[in-house]
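Peer 1: Here it is, the structure in full.
The values are calculated or read from the model by the stated rules, or taken from the named source; none is laboratory data. A quick note: this is a predicted structure, and the numbers were derived from the prediction, not measured. No Cβ is skipped: glycine too gets one built from the backbone with ideal geometry, and neighbour counts run over all protein chains shown. Each accessible area value is taken on the protein alone, full model and side chains, heavy atoms only, with ligands, DNA and RNA left out. Shrake-Rupley method; radii C 1.70, N 1.55, O 1.52, S 1.80 Å.
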Amino acid sequence: MKKNGKYQRIALACQGGGSLGAYHIGAYKAMAEHGYHPDIVSGISIGAFTASIIAGNDPADRVAKLQAFWDTISWPDMPQLPNATAEMKKYHNTLTSLQGFIFGQPNFFTPRVPGPKMQKKGTLEATSYYDTSKLHDTLLEFVDFDRINSGKTRLLLGSTRVKNGELVFFDSANMKIGPEHVMSSGSMPPGFPGMRIDGDMFWDGGCVSNTPLEGIFNAQPKVNTLCFMIDLFNPVGHEPEDMDDVEIRSKDILYTSRTAHHIGHVTNRHNLQKALSHVVSKLPNDLKKDPIIKELEGFATDTDFDIVHTVYDAPAYEVKSKDCEFSKSSIKDRAEHGYNDMQRALEKAPWIQDKPSHKGCTVHKFISGAHVSSD
């Protein structure tokens, strides 16, 4: 864990995005090479798989385990011509995503036969198009849940409680985590079945929010934290020119729609808490005894919560079903993008610079590794 004299906690928040999650491999690899080993990891959907593999392995083994996990859930790649053009890559990616829709992905999910319409009402088989039971054993192969539950690396997994639509974070600091908790975070309907945990049915956390930031922000105790937040969909893009563009752009907007809200909420709340701490510290001692002041003092904090927000800007050859396209070549390509983007961010590292003492939260945003802003 890299402290830099400023941070007592390094955190990592991994957004959902299906097969785009291969971007996490390279991003984490770059972090590890620079000494940023998170001691708290949060994930939603495919980000929950990344988070559990990181938390469930020793730092020296994490990158290899991530790579092996993605290799085992992907089919042998369809041949590609060397020096393929963007259009040729799009055609390849369209075929491989279609392969996944028809046959599923090895060691991950398989299509139900017969389909849900032919299954008994009230069963899991009647409420999903794919069977994810193989994923349970795959997670046991790549995740050491005893390590997670021993508290070596804290794990937070965001899932949606179906009966009330509430986003719930399963926290290894407060409960025992198993494969079912990871699977619940990635149970996106209607493709995948929900997971029943302690009597309640849970779906993919992305049904409510694709941004697993809140769990880390609310984690106790409050200490100076540097949180790396990796997003797989880019809110910035061009106006569409055809229906494929419409589907790609609408998906990007849909899955990033709450990111700005969550970051804004966390930033504003934390800066208010730190400003309040500053004000309370200036009050005379007799006024500090006032019950209302004591209540405000309990809300205040003198800690920092800085965010490194890294966004994957998908290349033009990614297709409209990019989050369902698991070809080995695309997995390798996304991992390389993640590595290069995070390397560029880490080389700039604006968070190591001093900031005003009253400011508790600064967001350093990078798109494709380019530093967009520090707010």
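Peer 1: Quick one: plug the Kirkwood hydrodynamic radius of region 136-273 (C-alpha pairs) into Stokes-Einstein at 10 °C, 1.306 mPa s, and report D in µm²/s.
Peer 2: D = 94 µm²/s.
Peer 1: Just to be sure I understand, if you calculate Rg and Dmax of the Cα atoms in Å for this structure, which of [x] 25.3, 77; [y] 21.8, 70; [z] 21.4, 77 do you get?
Peer 2: Structure-derived value, by its label: [z].
Peer 1: Would you mind working out the magnitude of the charge dipole of the chain relative to its Cα centre, with +1 at each Lys and Arg C-beta and -1 at each Asp and Glu C-beta, to the nearest 20 Debye?
Peer 2: Dipole of the chain, to the nearest 20 debye: 780 debye.
Peer 1: Okay, moving on. Specify the angular offset, from 0 to 90 degrees and rounded to the nearest 10, of the alpha carbon long axis of helix 259-281 from the longest principal axis of the alpha carbons in the chain.
Peer 2: Relative to the chain, helix 259-281 is tipped by roughly 10 degrees.
Peer 1: Report the accessible area of residue 302, computed with a 1.4 Å probe over the heavy atoms of all protein chains in place, in Å² rounded to the nearest 10.
Peer 2: 110
Peer 1: Could you tell me the largest-minus-smallest coordinate of the C-alpha atoms of region 281-328 on each of the three principal axes, in descending order and whole angstroms?
Peer 2: 66, 17, 17
Peer 1: With a cut-off of 8 Å between alpha carbons and a minimum separation of six or more residues, what is the relative contact order of the chain in percent?
Peer 2: Computed value for the chain: 24 percent relative contact order.
Peer 1: Something else now. Average projected area of the Cα convex hull of region 241-296, in nm²?
Peer 2: 5.2
Peer 1: How tilted is helix 86-103 with respect to the longest principal axis of the chain? Cα atoms for both, answer in degrees (0 to 90, nearest 10).
Peer 2: Between the helix axis and the principal axis of the chain, the angle is about 80 degrees.
Peer 1: Of 75, 130, 24, which is farthest along the charge dipole of the chain in the positive direction, counting Lys and Arg as +1 and Asp and Glu as -1 at C-beta?
Peer 2: It is 24.
Peer 1: Let me ask something additional. Which value, in Å² and to the nearest 10, is the accessible area of residue 69 when all protein chains are kept and the probe is 1.4 Å?
Peer 2: 0
Peer 1: Quote the Stokes-Einstein diffusion coefficient, in whole µm² s⁻¹, for region 60-219, based on the Kirkwood radius over alpha carbon pairs, a temperature of 25 °C and a viscosity of 0.890 mPa s.
Peer 2: 139
Peer 1: Sticking with this structure for a sec: In what order, largest first, do 250, 172 sit by accessible area if the probe radius is 1.4 Å?
Peer 2: Most to least solvent-accessible, the answer reads 250, 172.
Peer 1: I've got another one for you. Please give, to one decimal in nm, the separation of the simple spin-label points placed at residue 99 and residue 176, each 7 Å out from Cα toward the Cβ.
Peer 2: 4.0
Peer 1: Modelling each spin label as a point 7 Å along the Cα-to-Cβ direction, I'd like the residue 258/residue 6 distance in nm, to one decimal.
Peer 2: So the label points at residue 258 and residue 6 sit 3.0 nm apart.
Peer 1: Right, another one. With +1 on each Lys and Arg Cβ and -1 on each Asp and Glu Cβ, how big is the dipole of region 76-210 about its Cα centre, in debye rounded to the nearest 20?
Peer 2: 300
Peer 1: Given a 1.4 angstrom probe, what's the average accessible area per residue across region 110-166, in square angstrom?
Peer 2: 59
Peer 1: Also, quick follow-up: Could you check which residue among 29, 282, 322 shows the biggest mean-square fluctuation in a GNM of the chain with a 10 Å Cα cutoff?
Peer 2: Maximum among the listed residues: 282.
Peer 1: Say R0 is 22 Å: what FRET efficiency, to the nearest 0.05, do residue 83 and residue 242 get from their beta-carbon distance?
Peer 2: FRET efficiency, residue 83 to residue 242: 0.30.
Peer 1: Out of 227, 283, 361, whose Cα points farthest toward the positive end of the dipole of the chain (charges: +1 Lys, Arg; -1 Asp, Glu; placed on Cβ)?
Peer 2: 283
Peer 1: For the chain, find the longest principal axis of its Cα atoms and tell me its angle to the long axis of helix 133-142, 0 to 90°, nearest 10.
Peer 2: The angle comes out near 60 degrees.
Peer 1: On to the next question. With a 10 Å cut-off between alpha carbons and a GNM built on the chain, which of 230, 331, 102 moves the most?
Peer 2: The residue that fluctuates most here is 102.
Peer 1: Determine the order of 46, 253 by accessible area, beginning with the largest, at a probe radius of 1.4 Å.
Peer 2: From most accessible down to least: 253, 46.
Peer 1: What shape does region 117-174 take by its C-alpha gyration tensor, where a ≥ b ≥ c are the square roots of the eigenvalues and a/c under 1.5 counts as rounded, a/b above b/c as prolate, and the rest as oblate?
Peer 2: Here region 117-174 falls in the oblate category.
Peer 1: Rounded to the nearest 500, what is the 222 nm mean residue ellipticity of the chain from helices alone, with -39500 (n - 2.57) per DSSP H run of 4+ residues and division by all residues?
Peer 2: Per the formula, -12000 deg cm²/dmol.
Peer 1: Can you give me the solvent accessible area of residue 337 with a 1.4 Å probe, rounded to the nearest 10 Å²?
Peer 2: Probe radius 1.4 Å; accessible area of residue 337 about 50 Å².
Peer 1: What span do the alpha-carbon atoms of region 1-138 cover on each of the three principal axes, reported in whole Å from largest to smallest?
Peer 2: 60, 47, 20
Peer 1: Can you tell me which of 194, 298, 35 moves the most in a GNM of the chain? Springs connect C-alpha atoms under 10 Å apart.
Peer 2: With Cα springs under 10 Å in the chain, the top fluctuation among 194, 298, 35 is at 298.
Peer 1: Related question: Bins of 10 Å, beginning at zero and ending with the bin holding the largest distance: percent of Cα pairs per bin for region 192-323, please.
Peer 2: 10, 28, 25, 20, 11, 4, 1
Peer 1: For region 284-375, go through all pairs of different Cα atoms, get the mean of 1/r, take its inverse, and jot down that Kirkwood value in Å.
Peer 2: Result for region 284-375 stands at 16.7 Å.
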